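> Before we start, here is the structure in question, set down as structure tokens.
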Amino acid sequence: MMRFKPVPKPALLSTCVLAATLTLFSGCTPAPESTTGNADTPASAATKLTVADARAFLAKVDADVSKLSQPAAHAAWAYATHINYDTAQVSAYFSEQLSVLMARYAVEAAKFNAVDVDADTRRQLNLLKLGLEIAPPADPVKAERLAAIGSELSGMYGAGKYCRDEQTCFSLVEMSAQMATSRDADLLLEFWDGWREAAVPMKDIFVEQVGIANEGAVELGYANTSELWRAKYDMPADDFPKELDRLWGQVEPFYEALHCHVRAELSDHYGAETVPLDQPIPAHLLGNMWAQSWGNVYDLVKPEQPMNVPNVTQALVEQGYDEIKMVRQAEDFFSSLGFAPLPDTFWERSMFQKPEGREAQCHASAWNLDDQDDLRIKMCIQTTGEEFNVIHHELGHNYYQRAYKDQPMLYRGSANDGFHEAIGDTIALSITPTYLQQIGLIDEIPDASNDIGMLLKTALDKIAFIPFGLMVDQWRWQVLAGDVTPEQYNSLWWELREKYQGVMAPIERDSDAFDPGAKYHVPANVSYTRYFLAHILQFQFHQALCDIAGSEEALHRCSIFASEEAGKALNDMLEMGLSKPWQDAMETMTGTRQMDASTIERYFAPLKTWLDEQNKDRQCGW
Ligand code: X8Z
Ligand code: ZN
């Protein structure tokens, strides 16, 4: 039985990265120079307009949006940390006001399409058109309804619970902890299925949301929201999926080798009836509610010969780390690179723990409430190595936000949304045994004979994620483009899960199931390709920063801890915000203008050899 408290009526777009002025830009990045968009304004009108008019228009946008965005950000924070009827009303109100204002200005920006303006002004005008993730139509009734739906969906997710019976209910945090550690296939299946019941009531409103948002996208000059989402990457919207295919093609052989090994070991543990050797892996057995990263099943799939792989969870627990100490430790890493400490208000205003006695959105996020120094994170921190990484991830957002705070409003974002997601993860790649020993979390640095174990653990976390990071928006792009009917939503989801991840539903799905809704980013309307990109980019960034730091270690053993040179190079890129195409930002730090997964091949090369050896008598694929 599923119990959730629907949050009555309106409000906001929940995201993973919220900035005051960009509350409406779900996530972090409006992006550049798209040729898609509004039709040209008639030449007669354009001839009367000048560059000075365009600049004055942008200044007005900045002033009006800034004025509204701060109360909107506070309302959004209040709602996310105290989900109730009143916070829903207030945040929905501001969300609607702000999104309507932005949409109005985005449409108005088209009047400068034929005006000969400088490149910088043109870029900001374009960004205005690309900024909204979900665009409200001009019809005020529809705009209000869209804000209401956004609120309702994110409230349903945040307050969702699975109840075994009247007395026994479990939160997502509690179930996730069990999914990570339990090896009881029946319990795992119960929680896997139970959590998905939370999503069933979301489906109808999600369908309605898609319809209204597409009307808004058309008014902005896009074919639909799918095109709007794909137009944000400094290349034509239809080329972007090809770029993703290219990157996935680079990773796929390695993923298949990892999949083959994991399936064989899980089959040994649970039996071939539960994990058949010629089929996708049942999704409840991979240590994660969504089978998106698999590091939690390391003990089931690890090499036979003993490997000394630091158990960060155990070390944190043994050394009495609580959530504050974990965050302090992560802050210290950034400080060692030369970043200024977090402000006192960060410690006073952040939400580090799941609050008692009220509903809150536990999905981790990072905020900048005033676009200056009011940085905060919102998390329900557990003392685990996995959460230690998530803390670094979130702080990466905060340091990025602070680095670009002096840019004009429309440039306060990351070079592309993958960059925002990659920064904290890049830092977390430096949590190596050497670093853990430096901060006293482990006593000895394991020698190179243990590297396969460490690489396998990292690959389970990072490489297993990549096809999931890809398939979520493969699903959404088709849904948002109207290529599939609502009746096909769930079957398409599982087709893509099988195709990319080689993972299958462990039990038959009901006809009313809406399994995508059980993943935060779908009800919260946060695009997901950002994480796919981040998982490619973070290895490139790590490599570049290790080179700058002068590391002579193998890439997987390099830590940039305490390298001010690396910190400066990183900061130089972060400070650019969204002021230049992402290729420029990338070149600044890495010397290359291309996203490229060959760094991943290099990082994991010894593991690939080991996996191929393990798999040599196995039938791989699904
Ligand atoms: O949502 C997140 C972050 C917040 S931006 C915790 N991540 C994705 C997820 O949890 O699904 C980080 C990795 C992927
Ligand atoms: Zn994030």
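Every number in this text was worked out from the coordinates using simple rules, so none of it is lab data. Predicted model only: the values in this text are computed from it and were never measured. All Cβ positions, even for glycine, are placed from backbone atoms using ideal geometry, and neighbour counts span all protein chains on display.
> Could you state the orientation-averaged shadow area of the convex hull built on the Cα atoms of the range 115-271, in nm² to one decimal?
Mean projected area for the range 115-271: 14.5 nm², to one decimal.
> What spacing in nm lies between the two simple spin-label points modelled at Ala138 and Asp86, each 7 Å away from Cα in the Cβ direction?
3.8 nm
> Please compute P(r) over all alpha-carbon pairs of the range 451-523, binned at 5 Å starting from zero, and give each bin as a whole-number percent.
Result returned by the calculation: 3, 14, 23, 23, 16, 8, 6, 4, 2, 0.
> For the range 386-500, what is the per residue volume of the convex hull drawn over the alpha-carbon atoms, in cubic angstrom?
Numbers: hull volume 16.5 nm³, N = 115.
Taking only Cα atoms, the range 386-500 has a hull volume of 144 Å³ per residue.
> Related question: Please list the non-local residues whose amide H lies under 5 Å from the amide H of Phe170, H modeled 1.01 Å from N, same-chain partners needing a gap of 5 or more.
Residues meeting the criterion, in which the H sits 1.01 Å from N, are Tyr162, Cys163, Arg164.
> With just the Cα atoms defining each centre, how far is the range 102-150 from the range 279-312? Give it in Å.
For the range 102-150 versus the range 279-312, the Cα centre distance is 45 Å.
> A further question on this structure: Bin all alpha-carbon pair distances of the range 477-570 at 10 Å intervals from 0 and give each bin's fraction as a whole percent.
Calculated P(r), rounded to whole percents: 13, 31, 19, 17, 16, 3.
> Right, something else. Kindly write out, for the range 70-79 in residue order, the coupling ³J(HN,Hα) from the Karplus curve 6.51 cos²θ - 1.76 cosθ + 1.60 (θ = phi - 60°), rounded to whole Hz, with x marking Gly and Pro.
5, x, 5, 5, 5, 5, 5, 5, 4, 5
> Calculate one ³J(HN,Hα) per residue across the range 204-218 by plugging θ = phi - 60° into the Karplus curve 6.51 cos²θ - 1.76 cosθ + 1.60, and present them in order as whole Hz with x for glycine and proline.
With the stated coefficients, the range 204-218 comes to 4, 6, 4, 4, 5, 4, 4, x, 5, 4, 5, 4, x, 5, 5 Hz.
> Testing the spin-label approximation: label points 7 Å from Cα along Cα→Cβ at Arg183 and Ser491. State their distance in nm.
In this crude label model, Arg183 to Ser491 measures out at 3.8 nm.
> Evaluate the relative contact order of the chain (contact order divided by residue number), counting alpha-carbon pairs under 8 angstrom at least 6 apart; express in whole percent. Mind showing how you got there, number by number?
Working: 1127 pairs, mean separation 126.3, N = 622.
Value for the chain: 20 percent.
> Return P(r) of the range 272-427 (all Cα-Cα pairs; 5 Å bins starting at 0; whole %; ordered from short to long distances).
The calculated distribution, bin by bin, is 2, 8, 14, 17, 18, 14, 11, 8, 5, 3, 1, 0.
> If you take the square roots of the eigenvalues of the alpha-carbon gyration tensor of the range 354-441 and sort them as a ≥ b ≥ c, do you get rounded (a/c under 1.5), prolate (a/b over b/c) or oblate?
oblate
> Antiparallel DSSP bridges in the chain: what percent, to the nearest 5? Don't jump to the answer; show the numbers that get you there.
Working: 9 of 15 bridges.
Looking only at bridges with both residues in the chain, the antiparallel portion is about 60 percent.
> Let me ask you something else. Exposed loop sites here are GluC sites (Glu not before Pro) in DSSP loop states with at most 16 other C-beta atoms within 10 Å. What is the longest stretch of the chain lacking them? Walk me through the numbers on the way to the answer.
Working: sites that count: Glu33, Glu166, Glu273, Glu304, Glu356, Glu444, Glu508, Glu552, Glu553.
Between exposed loop sites, the widest span is 34-165.
> Towards the positive end of the charge dipole of the chain, with charges on Cβ (+1 Lys, Arg; -1 Asp, Glu), say which of Leu456, Ala513, Gln382 has the farthest Cα.
Farthest towards the positive pole: Ala513.
> Using only the Cα atoms of the range 176-236, what do you get for the radius of gyration and for Dmax, in Å?
18.8, 52
> Another one. Give me a comma-separated list of calculated 3J(HN,Hα) values for the range 118-124, in order, Karplus coefficients 6.51, -1.76, 1.60 applied at θ = phi - 60°, integers in Hz, x for any Gly or Pro.
5, 4, 5, 5, 4, 4, 5
> R0 = 35 Å: FRET efficiency of Arg602 with Thr274, Cβ-based, nearest 0.05?
Efficiency computed from Cβ-Cβ geometry: 0.45.
> Could you pull out every residue, at least 5 positions away or on a different chain, whose amide H is within less than 5 Å of the one on Met504? Hs are placed 1.01 Å off N in the peptide plane, and Pro or chain starts have none.
Amide H neighbours of Met504: Ile281, Ala283.
> Further question: For labels at Gln314 and Glu508 in the simple 7 Å Cα→Cβ model, what's the distance in nm?
In this crude spin-label approximation the distance works out to 4.4 nm.
> Just subtract the alpha-carbon distance of Glu587 and Asp62 from 0.36 nm times their residue separation and send over the number in nm, one decimal. All intermediate terms of the calculation are to be shown ahead of the outcome.
Numbers: separation 525, 0.36 × 525 = 189.00 nm, distance 2.88 nm.
Contour length minus Cα-Cα distance gives 186.1 nm.
> On to the next question. Got a sec? How would Ile205, Ile466 order by Cβ neighbour count within 10 Å, fewest to most? Show your work: numbers first, answer last.
Working: Ile205 19, Ile466 26.
Least crowded to most crowded, the residues run Ile205, Ile466.
> How big is the range 64-127 by the Kirkwood estimate over distinct Cα pairs, in Å? All intermediate terms of the calculation are to be shown ahead of the outcome.
Working: mean 1/r = 0.0745 Å⁻¹.
By the Kirkwood definition, the hydrodynamic radius is 13.4 Å.
> Using just the helices of the chain, give the 222 nm mean residue ellipticity in deg cm²/dmol: DSSP H runs with n ≥ 4 each add -39,500 (n - 2.57), and the total is spread over all residues, rounded to 500. Working shown, then result.
Numbers: 25 runs with 332 residues, N = 622.
The helix-only estimate for the chain comes to -17000 deg cm²/dmol at 222 nm.
> Once each part is reduced to its C-alpha centroid, what is the distance from the range 497-523 to the range 182-231 in angstrom?
10 Å
> A further question follows. Send over the per residue convex hull volume for the range 75-201, Cα only, as a whole number of Å³.
Working: hull volume 21.0 nm³, N = 127.
Hull volume over Cα atoms, normalised by residue count, gives 166 Å³.
> How much FRET efficiency would the formula 1/(1 + (r/R0)^6) give for Val200 and Thr50, where r is the Cβ-Cβ distance and R0 is 45 Å, rounded to 0.05?
Details: r = 55 Å, r/R0 = 1.23.
According to the calculation, E is roughly 0.25.
> Treating the beta-carbon of each Lys and Arg as +1 and of each Asp and Glu as -1, no other charges, what is the dipole magnitude of the range 120-256 about its Cα centre, to the nearest 20 debye?
460 debye
> Taking just the alpha-carbon atoms of the range 338-382, what radius of gyration and Dmax come out, in angstrom?
Cα only, the range 338-382: 11.6, 40 Å (Rg, Dmax).
> What's the magnitude of the charge dipole for the range 299-452 around its Cα centre, counting Lys and Arg as +1 and Asp and Glu as -1 at the beta-carbon? Answer in Debye, nearest 20. Could the numbers behind the result be given before it?
Numbers: 11 positive and 26 negative charges, 80 e Å.
Roughly 380 debye for the range 299-452.
> With a/c under 1.5 counting as rounded, go ahead and sort the range 527-622 into rounded, prolate or oblate using the C-alpha gyration tensor (a ≥ b ≥ c being the square roots of the eigenvalues; past the cut-off, prolate if a/b is larger than b/c, else oblate).
oblate
> Please state, rounded to one decimal and in Å, the Kirkwood hydrodynamic radius that the range 206-294 gives when every pair of distinct Cα atoms enters the mean of 1/r. Show your work: numbers first, answer last.
Working: mean 1/r = 0.0607 Å⁻¹.
By the Kirkwood definition, the hydrodynamic radius is 16.5 Å.
> In µm²/s, what is D for the chain at 10 °C and 1.306 mPa s, where D = kT/(6 pi eta Rh) by Stokes-Einstein and Rh is the Kirkwood radius from Cα pairs?
Reported coefficient: 64 µm²/s.
> Please rank Arg122, Arg593, fewest neighbouring Cβ atoms within 10 Å first, as an exposure proxy.
Going from sparsest to densest Cβ surroundings: Arg593, Arg122.
> So if I place +1 on the C-beta of Lys and Arg and -1 on the C-beta of Asp and Glu, and nothing else carries charge, what would the dipole magnitude of the range 483-523 be about its Cα centre? I want it in debye, nearest 20.
Computed about the Cα centre, the dipole is about 240 debye.
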